[in-house]
1. Does G237 fit the bill of being out of contact with any Asp or Glu (no Cβ under 6 Å at 6 or more places or on another chain), open to solvent by 30 Å² or more (accessible area, probe 1.4 Å) and either free of Cβ contacts under 8 Å to residues at least 12 places away in the same chain or assigned to a loop (DSSP other than H, G, I, E, B) (or both)?
2. What number of residues within the range 285-308 satisfy the criterion of being in a loop (DSSP other than H, G, I, E, B) and either at pLDDT 95 or above or of a type in the set (D, E) (or both)?
3. Which of the residues spanning the range 197-211 are open to solvent by 20 Å² or more (accessible area, probe 1.4 Å) and not basic (K, R)?
4. Of everything in the range 170-181 that's open to solvent by less than 60 Å² (accessible area, probe 1.4 Å) and at pLDDT 95 or above, which residue is farthest from D229 (Cα to Cα)?
5. Quickly run through the range 18-34 and pick out the residues that are more than 13 Å from W246 (Cβ to Cβ) and either open to solvent by less than 30 Å² (accessible area, probe 1.4 Å) or among the aromatic types (F, W, Y) (or both).
6. Can you name the residue in the range 182-196 that is part of a helix (DSSP H, G or I) and in contact with an Asp or Glu (Cβ under 9 Å, 6 or more places away or on another chain) and, of all such residues, is most open to solvent (accessible area, probe 1.4 Å)?
Amino acid sequence: RRNARLFADPTIRDYRDFGAGPRLLPSFDAPRGAIALGRAMAADSSGDLNRSGLIAEVLGLVATGEVEGARETAARLVEASPDPGIALFAIELDGALALVDSGAISPAAAARQLHPYTMRDAAPEQLRQRAMWMRAMLGHMLSSSGERSDWHGLASPPLALVVQADSLAGQGRSLEALALTDGILVDSVARSGMDPFFRAVVRLRRARWRIALGDTIGARRELRWYQHDDLVGVPAGLPQAAEVDWAFGTLARWQLAGLGSARSEPLEQCRAYEAVIRNWAAAPSPYRERVGVARERVTTLHCTGRKE
């Protein structure tokens, strides 16, 4: 009722950054708050506020493992906003989920959706580059090796390097893949607005490459990337990289928890499993099964009452 009164107050609704409210809640690890407030804002608003509410809802649903709900809301977001960047964002969401969370989305279906955006003159060049990058990354999952993906058509060096590195990793050359991407200023690229999914995809892929090499310490470091508030202004416009990072934070903690041993990182492991239980508790498969594993591990690790 309080929120309804706030949304009805023209003084508050006219505040320039009002739309950022629900989108900031995931930075406090409160994705359900983002969903609830985003849904309320979208239902009772139009224009930029409607768009912000729907963005908050989409990314909150990703964080809580409700992938189909996120995709359905993303479709509503595209209908509500004519910006071509929003349409590509919704398609890239499928691509990113397919890349970093096995079984969440079909890589082939995600690649097909991206294909029209890769055609010359089909979209503004920056959007076309984004689509080409994501589609090339998905191509590695659809072939026996990464050699069939062409990164030479990518004008952006960071995008091309990541595709090339992922190709090397697909050939079992993870050390070379890491070396190739070590020089990329990932945070600077993310802040540039080049692609809101760039940082999350790069960190999650690099974590995978490190795991393949047995470098669990390095993998844990990569998987902590989402723990930031690296915003550019306030999130009231198009989706930002920081918001995407927070949305994939639950997945990062699930992967991180599986790396630690009870002797090496007990507190971090406990906190990661507890966050998985909290955020994915109401999610469908495969997240439901992961919550079951997390509950067992919390008991095994004697997490209750564990202190710094």
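1. Details: out of contact with any Asp or Glu (no Cβ under 6 Å at 6 or more places or on another chain): yes; open to solvent by 30 Å² or more (accessible area, probe 1.4 Å): no; either free of Cβ contacts under 8 Å to residues at least 12 places away in the same chain or assigned to a loop (DSSP other than H, G, I, E, B) (or both): yes.
For G237, the condition - out of contact with any Asp or Glu (no Cβ under 6 Å at 6 or more places or on another chain), open to solvent by 30 Å² or more (accessible area, probe 1.4 Å) and either free of Cβ contacts under 8 Å to residues at least 12 places away in the same chain or assigned to a loop (DSSP other than H, G, I, E, B) (or both) - is not met.
2. If we filter the range 285-308 for residues that are in a loop (DSSP other than H, G, I, E, B), which is where we start, we get 285-286, 301-308.
Still in the list and also either at pLDDT 95 or above or of a type in the set (D, E) (or both): 308.
Counting residues in the range 285-308 that are in a loop (DSSP other than H, G, I, E, B) and either at pLDDT 95 or above or of a type in the set (D, E) (or both) gives 1.
3. If the condition is that a residue be open to solvent by 20 Å² or more (accessible area, probe 1.4 Å) and not basic (K, R), then I211 is the only one that fits.
4. Residues of the range 170-181 that are open to solvent by less than 60 Å² (accessible area, probe 1.4 Å), as a first pass: 170, 174, 177-178, 180-181.
Remaining after also requiring at pLDDT 95 or above: 174, 177-178, 180-181.
Working: S174: 30, A177: 28, L178: 25, L180: 27, T181: 23 Å.
Filtering the range 170-181 for residues that are open to solvent by less than 60 Å² (accessible area, probe 1.4 Å) and at pLDDT 95 or above, the one farthest from D229 (Cα to Cα) comes out as S174.
5. F18, G19, A20, listed by residue number.
6. Selected residue: R191.
Per-residue answers, yes or no, for (1) assigned to a helix (DSSP H, G or I); (2) aromatic (F, W, Y); (3) open to solvent by less than 60 Å² (accessible area, probe 1.4 Å):
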site: D94; (1), (2), (3): yes, no, yes
site: L97; (1), (2), (3): yes, no, yes
site: G103; (1), (2), (3): no, no, no
site: A110; (1), (2), (3): yes, no, yes
site: H115; (1), (2), (3): yes, no, no
site: R120; (1), (2), (3): no, no, no
site: A123; (1), (2), (3): no, no, yes
site: M134; (1), (2), (3): yes, no, yes
site: S143; (1), (2), (3): no, no, yes
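The values are calculated or read from the model by the stated rules, or taken from the named source; none is laboratory data. Please read these numbers as outputs of a predicted model, since none were measured by experiment. Glycine also receives a Cβ, built like all others from the backbone with ideal geometry; neighbour counts cover every protein chain displayed. With ligands, DNA and RNA removed, areas are computed over all heavy atoms of the protein, side chains included. Shrake-Rupley method; radii C 1.70, N 1.55, O 1.52, S 1.80 Å.
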